[in-house]
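The values are calculated or read from the model by the stated rules, or taken from the named source; none is laboratory data. On a predicted model such as this, the values are computed, not experimentally measured, just so you know. All Cβ positions, even for glycine, are placed from backbone atoms using ideal geometry, and neighbour counts span all protein chains on display.
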């Protein structure tokens, strides 16, 4: 892949695109707007005047509507309402001239007179050009000319200006206030030329009940044109042009005849979802169909039903879905009958020929969605005519299953991707709030773009509103993926926050948005429970809870500082999803502690049950706040989706409090002792709870590992007591020798390395209190020899070496291919993958790109390496996702990370958002060693490696990164 700098250079001097951070309000574009005039600038608005707006009365209705919206936008920003003129002779002095090529006489005259050069956009799809023109006519001194190659191109240009002056695309859907200015000027040398890299870019309103549907019923009665006009405008302001409408209980064209008419006027290309053929909604068959939804038994009625759909949409821009699935998005009842499906497509093409003319069938946009089992038809040999777009799909969890081969890229119809931010199905439905990070979107959709799947990008956004942030990223990326290379992933959040909330708080807001989305991607709220994050090892549950609650605190603090007019927008875009995510995570943490402490017999176990109940109530209170207080109740019902208490793939009928234990303490003082890493606590005698031979033993200390271990002395009764500690050796240090205990007291144990003997030493800490004999806890410490001077790398500690992928010691690139970082990707720090994207596999490992990690091991012998990868699919037939690994000079092992594609393996990969591959190795002696990860197949994305020398403990995220010696 070309570097970021070279990309900016290739964009050219004539195109104003952002290659450095900008303070503009147009996301990702260099600002051509200012609030102070420079010589030659065009005056758009001052406290006393505005430039006139011009649009030809013969131009498209959608363009004229956009210009009227611009008139309103300028008034909102400047408090001055510009005149809207449709007679060119009435224009004077300074003006904004807006029009579509071939549909605006004034625009066409300017082209003919060579006042504007539109060769860069003529005959291009959805393209627009914005330029300041001096003396375009005798009575016009200056004009900002916005011209489009088609009706959408012009509209995109209009909304580009609206965003530049300070009107967010989310001004209505997220209540983002306009940025008021007393004066607005346009730079004299402004020249912007834009056109999309992905032809059809849109969203799918799906899984829309109860939240969106309840909101629609309350505010519009049904999914009618009053609702859809708001969606159309949002899409156009985001430079999108494509929509799959809500379909669970609705039928777009049948519910309201104006829906289809206005979609076409606005310029939105309509289609029906992956299982709704020929512009007929699923629910239309229930209303108007006759007989079974089975082509083998009912072909005549289905043929006529589809014919009516094509005739209805003949005059509107549409993409016709071909093929067939069962009703309600189920597999066909006829089973995997390829011959039947081929007949269906043949007859659907015949219908298109009958309506449009046989000679024009190939010109009618058509798509075949290769969703779930339908992809299997294709892989077993079924083909459709070359002009039909193949819509490849992800696995419903954001991992693209298949991309075009070199041969498939030659198809005239091209390819696209159907992606998901929301899903109803296994292993768990996820529909409540945003759970996808923008780096995940980039990693997958960048593959799609470079494998030429760029005819259609459509994403399932569920109810729309909770997904504002990823929707915008997905659609901006679709407009021009080359404008958003991986290096700009961290920048997007800052630019987005700056546009919505101003520059002052943008870095903090970006941190919060990145943090909560990555947190939810690691484990979606619907998939969380009290057992996910370890209460015993690596302080994991506490760390995870602390991270998300710290983000919540930052968001709550910012909320107090954000100007009053922005609070509603900040609440719904930033504070609510962060706070909601924190509440659910902390709730399950409290449930986990309640269970563990009740099993250990702690008297205060019920305190955590009380906290869990409080958090459950806090979740309900937050929903009520969203419904009743936010924007004066404007968004009531958007948080109706249940999300707590899942027990299988689908959501419970209502949020359900997880099971809590009711611990009954003794009516006396009674000591218990819990040891770090173990669920059983003294004086429990269940040996099965202990992985070590000794019943009570702290994890082994070493010089480079965790320097403090914890013993907790707790009360099993209601009366306080005093305990005392005794150490067997002077090299053992304890935080307390004696103290009174009401509920729980932590004792920090550490090692005085200056007194510890060389090698392995053992001792014990004895704790005496109410019980006979007290608890005796074994303490082991390995006083390692220091790592030799000059070593640079990661050091074994606590029985493992954990390394983040980006912290390599050495990297080799080959013929321009090399491992590069994807910022903010994966479950921990970042990820590494090979770029540029291509079809190349490296069969000769001596000439393959590699990453090398220097490690220092104290434990020779057998070890295993857990390599953590993104949960990608083998998207090229006949090729897996292979990498190779070797320690030192051993023969590299070539491993396919998707060798196990069983349902169970896949479900675990999407639940945990990673694939873990374990390889076995051996080192002959302690000391410095090198671990190499070689590239073999493209699309392999490495997140971290963990060498297990015998001490790796079970946890969800794995241990923190090992100490690094420089």
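With respect to the stated conditions, residue 313 is closer than 21 Å to residue 458 by Cα and at pLDDT 95 or above.
Scanning region 433-462 for residues that are buried (at least 24 other Cβ atoms within 10 Å of the Cβ), out of contact with any helix residue (DSSP H, G or I) (no Cβ under 6 Å at 6 or more places or on another chain) and outside any helix (DSSP H, G or I) yields 451, 453, 456, 458, 462. When every residue of region 58-72 is checked against the conditions, none turns out to be surrounded by 14 or more Cβ atoms within 10 Å (Cβ to Cβ) and modelled with pLDDT under 95.
Under the condition of being part of a loop (DSSP other than H, G, I, E, B) and touching a residue at least 12 places away in the same chain (Cβ under 8 Å), the residues counted in region 384-409 number 16.
Just to be sure, is residue 889 crowded, with 20+ Cβ neighbours inside 10 Å and not in a strand (DSSP E or B)? Criteria not met by residue 889. Scan region 89-113 for residues that are out of contact with any helix residue (DSSP H, G or I) (no Cβ under 7 Å at 6 or more places or on another chain), in a strand (DSSP E or B) and under 17 Å from residue 130 (Cα atoms) and the total you get is 3.
For residues in region 708-719 being in contact with a strand residue (DSSP E or B) (Cβ under 6 Å, 6 or more places away or on another chain) and in a loop (DSSP other than H, G, I, E, B), which is nearest to residue 747 (Cα to Cα)? So, considering only residues that are in contact with a strand residue (DSSP E or B) (Cβ under 6 Å, 6 or more places away or on another chain) and in a loop (DSSP other than H, G, I, E, B), the one nearest to residue 747 (Cα to Cα) is 708. Only residues that are touching a residue at least 60 places away in the same chain (Cβ under 8 Å), more than 14 Å from residue 431 (Cβ to Cβ) and in a loop (DSSP other than H, G, I, E, B): list them for region 614-647, please. Hits for region 614-647 are 634, 635, 636. Residues in region 316-350 that are out of contact with any helix residue (DSSP H, G or I) (no Cβ under 8 Å at 6 or more places or on another chain) and outside any helix (DSSP H, G or I) were compared, and the one that is modelled with the lowest pLDDT is 335. Within region 831-851, the only residue that satisfies the criterion of being out of contact with any helix residue (DSSP H, G or I) (no Cβ under 8 Å at 6 or more places or on another chain) and closer than 22 Å to residue 956 by Cα is 832. Take the conditions in contact (Cβ under 8 Å) with a residue 40 or more places away in the chain, assigned to a strand (DSSP E or B) and either within 26 Å of the chain's Cα centre (by Cα) or not assigned by TED's automatic domain parsing to the domain that holds residue 832 (or both) and apply them to residue 961. Does it pass? No: the conditions fail for residue 961.
Go through the residues of region 208-226 one by one and say whether even a single one is at positive phi, free of Cβ contacts under 8 Å to residues at least 12 places away in the same chain and in the same structural domain as residue 466 (by TED's automatic domain parsing). Yes, because at least one residue in region 208-226 is at positive phi, free of Cβ contacts under 8 Å to residues at least 12 places away in the same chain and in the same structural domain as residue 466 (by TED's automatic domain parsing).
Looking only at residues of region 118-136 that are exposed (fewer than 14 other Cβ atoms within 10 Å of the Cβ) and touching a strand residue (DSSP E or B) at 6+ places or on another chain (Cβ under 9 Å), we find that the one that is farthest from residue 196 (Cα to Cα) is 135.
Go through region 476-487 residue by residue and tally those that are assigned to a helix (DSSP H, G or I) and either touching a strand residue (DSSP E or B) at 6+ places or on another chain (Cβ under 8 Å) or surrounded by 19 or more Cβ atoms within 10 Å (Cβ to Cβ) (or both).
The number of residues fulfilling the criteria is 8.
Selection of region 768-787 for residues being part of a loop (DSSP other than H, G, I, E, B) and over 46 Å from the mean Cα position of the chain (by Cα) yields 769, 770, 771, 772, 773, 774.
Counted as qualifying within region 914-953 are the strands (runs of 3 or more DSSP E) with 3 or more residues that are under 23 Å from the mean Cα position of the chain (by Cα), namely 941-948.
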